[in-house]
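The values are calculated or read from the model by the stated rules, or taken from the named source; none is laboratory data. Note that the coordinates shown come from a computational prediction; the quantities given were computed from them, not determined experimentally. In this analysis, Cβ positions are derived from the backbone assuming ideal geometry, glycine residues included, and neighbour counts consider all displayed protein chains.
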Amino acid sequence: MITTVASFVFHADNVHVGECGPPPNVVNDQANTYHGYFENEHGEQWVLIVDRATKRGILRGGDSGWDEEYEITDGRPSDLVLSPSEQAWLKSCWHAATGTEA
C-alpha cells in the first residue's frame, strides 16, 4: 500500500534495538549528493550517502551501530565485510551515484 506523506519520497522506520544507537536523520537537501537505502533479507538496514563531486561515500548500518561510519571509496567499504546482497546493492548505488563501476 502506498500512502502520501507530506513531501516525503521515502521514509523508513528503524527496526533495530536501542543498543544500536539512534538512526541517522538523512535529508536529501544537498545538491550533488546521492542517498541510498537497503534492507537485506534479515531486516538489517543500511544508509549510503555519496558526494558525487568527490566520489566518496559514507555507509551506516543498524547492526554495526548507527553511529559507526564506513568510508566508501571506489565503491568499496573500508573495514567492513558485506553479504553478497549488500555488495550487489552497494555496487548498483555506486554506479548510479558516480557513473563508474565498483
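Filtering the range 12-35 to residues that are closer than 19 Å to residue 70 by Cβ and of a type in the set (A, V, I, L, M, F, W, C) leaves 12, 20, 26. For the range 30-47, the set of residues classified as assigned to a strand (DSSP E or B) and either within 12 Å of residue 96 (Cα to Cα) or over 14 Å from the mean Cα position of the chain (by Cα) (or both) consists of 33, 34, 35, 36, listed by residue number. Among the residues making up the range 42-68, those that are among the charged types (D, E, K, R) and either over 13 Å from residue 23 (Cβ atoms) or touching a residue at least 60 places away in the same chain (Cβ under 8 Å) (or both) are 51, 52, 55, 56. Across the range 52-75, the number of residues qualifying as part of a loop (DSSP other than H, G, I, E, B), of a type outside the set (Asp, Glu) and over 15 Å from residue 34 (Cβ atoms) comes to 4. So is residue 11 within 17 Å of residue 86 (Cα to Cα), out of contact with any helix residue (DSSP H, G or I) (no Cβ under 6 Å at 6 or more places or on another chain), exposed (fewer than 10 other Cβ atoms within 10 Å of the Cβ) and modelled with pLDDT under 95 or not? So residue 11 fails the test. Considering 101, 71, the condition of being on the phi < 0 side of the Ramachandran plot, charged (D, E, K, R) and surrounded by 13 or more Cβ atoms within 10 Å (Cβ to Cβ) is satisfied by 71 alone. Taking residue 51, is it touching a strand residue (DSSP E or B) at 6+ places or on another chain (Cβ under 9 Å) and at pLDDT 90 or above? Yes: the conditions hold for residue 51. Taking first residues from the range 11-33 that are closer than 23 Å to residue 63 by Cβ and partners that are of a type in the set (D, E, K, R) and part of a strand (DSSP E or B), the Cβ contacts under 7 Å between residues at least 6 apart in sequence or on separate chains come to 24/60.
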